[in-house]
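This report refers to the structure that appears directly beneath it.
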Amino acid sequence: MSKPSSTFQLPNVKSPPKVAIVHDWLYGGGAERVVEQLHKLYPDAPIYTSYCSDDWRVKLDGKVITGFLQHWPFSRLRKYVGPLRIWWFGRIDFSNFDLVISSAGNGEAKDINVPDGTKHICYCHAPTHFYWRSYQQYYDKPGFGIMNPLARIGLKMLVGPMRRRDYKAAQKPKLFIANSSYIAGEIQQYYGRDAEVINPPVDVDRFIQHTKTARSGYVTMGRQVPYKRTDIIVDACTKLNVPLLVVGNGPEHANLVGRAGPSVTFRSDVSDEEMPKVLASAEGFIFAAKEDFGVAPVEAMASGTPVLAYQAGGALDYVTEGVTGQFFSEQSVNSLIQALETFKTSTFDSQTISQQSQSYSSKNFTKKFTVMVNKNMTKKSVL
């Protein structure tokens with residue numbers, strides 16, 4: 001008769017991975033919403049970032065860990081000190097983690113070093129704008145006022161080595177996830193890497209209940225900066241004398257007000273609570289920017305409002321001609337005018353548009369992201 005074994009082996013148990021999240025900086029914008037959703041998915045994960053606003057520290061339940069740039073005395077210049085961020089990000093110790101998720105856009109969050117056995121997945125909002133696609137725009141308008149000539153000299157001297165550094169950093173992640181098909185193309189173009197596409201989370205649920213609101217006029221919203229091309233929208237609606245509500249504020253505000261005709265109104269005081277009603281009350285949402293993704297048009301879609309968008313960038317993922325909206329082909333007043341003259345709100349079904357927006361919900365983002373992580377993680381067993 002055989003003796004029983006003196007050792008007992010536990011069945012295989014799948015333990016959840018120890019996760020860390022890294023982000024360029026936290027002070028507002030669409031990229032931060034991705035971090036917020038990642039925090040909900042991995043609530044125990046520390047969030048490393050170069051600096052963070054007080055409100056985002058609260059939103060992320062105090063899980064934020066910042067570096068010396070948090071106390072940098074020249075807050076306006078923090079965005080332009082890439083070498084200092086590279087130095088800090090490169091020295092974070094990830095030896096206790098199984099998975100590190102970098103949320104990277106115009107900063108250096110992807111330029112981290114993880115030990116062997118630790119997976120690094122990069123959710124990429126865009127290859128760094130001022131090194132690649134938008135270099136000339138930043139060079140022409142650095143945004144430093146009387147210091148612009150000096151800023152141009154610095155940018156011209158540094159762009160070469162910083163591009164090389166950025167390319168090298170982009171070879172570190174095991175997997176790239178792009179926030180749109182457009183950005184996946186740029187990741188291939190500038191970094192030579194393939195990328196999966198998972199669109200960012202949009203809080204569509206708070207807009208859906210307003211789909212049956214009476215509609216009149218057009219609306220556009222966002223930070224009023226040159227690349228958004230709100231000037232095109234204002235000029236086109238002024239020339240056609242069609243009602244337009246411009247929501248938001250920014251450096252271009254005075255210029256936009258000065259060029260607007262009587263059919264254009266401006267509001268910079270729309271609250272988060274009021275925004276769904278504002279979007280739902282419009283015949284159409286006009287979007288003239290070439291964005292990496294663009295959250296505002298999807299919010300408009302959730303409210304049942306069709307989108308009239310410039311045919312480029314992230315809008316190519318969610319605007320379907322004749323179903324969720326319509327495109328105009330050039331970033332010009334004449335191109336938008338032609339589109340406005342053929343844009344018939346009555347041909348769109350608000351319920352269908354709203355249903356289409358569900359593809360970009362936070363729930364769908366979480367589901368897709370979890371599947372992608374599980375597929376790329378090595379399963380471990382505990383004995």
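Each part gets one Cα centre, and for the range 91-135 versus the range 284-331 those centres are 29 Å apart. Residues considered: S357, S268, S180. Largest GNM mean-square fluctuation over the chain, using C-alpha springs under 10 Å, is found at S268.
Subtract the Cα-Cα distance of L84 and V225 from 0.36 nm times their separation in residues, and report this length gain in nm to one decimal.
My answer for the length gained is 48.1 nm.
Residues considered: I286, I337, I153. Largest GNM mean-square fluctuation over the chain, using C-alpha springs under 10 Å, is found at I153. Springs join every pair of Cα atoms under 10 Å in this Gaussian network model of the chain, and among M162, M221, M301 the largest mean-square fluctuation is at M162.
The aspartates and glutamates whose alpha-carbon is closer than 16 Å to the alpha-carbon of K363, local same-chain residues fewer than 8 away aside, are E36, D203, D205, E299. Ordered by the number of other Cβ atoms lying within 10 Å of each residue's own Cβ, fewest first, I232, I101 fall into the sequence I232, I101.
Sparse packing (at most 11 other Cβ atoms within 10 Å of the Cβ) combined with a DSSP loop state is found for the following GluC sites (Glu not before Pro) in the range 188-293: E273. Starting from one equal scatterer on each C-alpha and no solvent at all, send me the Debye-based log10 I(q)/I(0) for the range 88-132 at q = 0.15 Å⁻¹, two decimals. Taking Cα atoms of the range 88-132 as identical point scatterers yields -0.38. Separation of the range 204-279 from the range 160-179 is 36 Å, based on Cα centroids.
Placing R0 at 30 angstrom, the Cβ-Cβ distance between D349 and T265 gives a FRET efficiency of 0.60 after rounding to 0.05. Here the chain is described by how far its Cα atoms reach on the three principal axes: 94, 58, 37 Å, from widest to narrowest.
Report, for the chain, the % of DSSP beta bridges that are antiparallel, rounded to 5.
Bridges in the chain that DSSP calls antiparallel: roughly 0 percent.
Set the Förster radius R0 to 22 Å, insert the Cβ-Cβ distance between M147 and W72 as r into 1/(1 + (r/R0)^6), and round the FRET efficiency to 0.05.
Once the sixth-power term is evaluated, E becomes 0.80.
In terms of overall dimensions, the range 321-365 has a Cα radius of gyration and Dmax of 13.5, 39 angstrom.
Only lysine pairs 8 or more places apart, or on different chains, with alpha-carbon atoms under 23 angstrom apart are counted in the range 205-359, and they number 8. Taking amide H as placed 1.01 Å from N in the peptide plane, the amide H of Q326 sits under 5 Å from that of V307, L308, A309, each at least 5 places away or on another chain. Here the Debye sum runs over all C-alpha atoms of the range 205-359 as equal scatterers in vacuum, and log10 of I(q)/I(0) at q = 0.09, 0.18, 0.21 Å⁻¹ comes out as -0.23, -1.03, -1.46. The trypsin sites (Lys or Arg not before Pro) of the range 82-164 that DSSP puts in a loop, and whose beta carbon has at most 13 other beta carbons within 10 Å, are R91. Could you list the residues of the range 194-222 with an amide nitrogen less than 16 Å from a label point located 7 Å from the Cα of K277 in the Cα-to-C-beta direction? Residues 206-216 fall inside that zone.
Each reported figure results from applying straightforward, stated rules to the coordinates on display, with no laboratory input. Quantities reported herein were computed from a predicted structural model and do not represent experimental measurements. Here the Cβ is made from the backbone with ideal geometry for all residues, glycine too, and neighbour counts use every protein chain on show.
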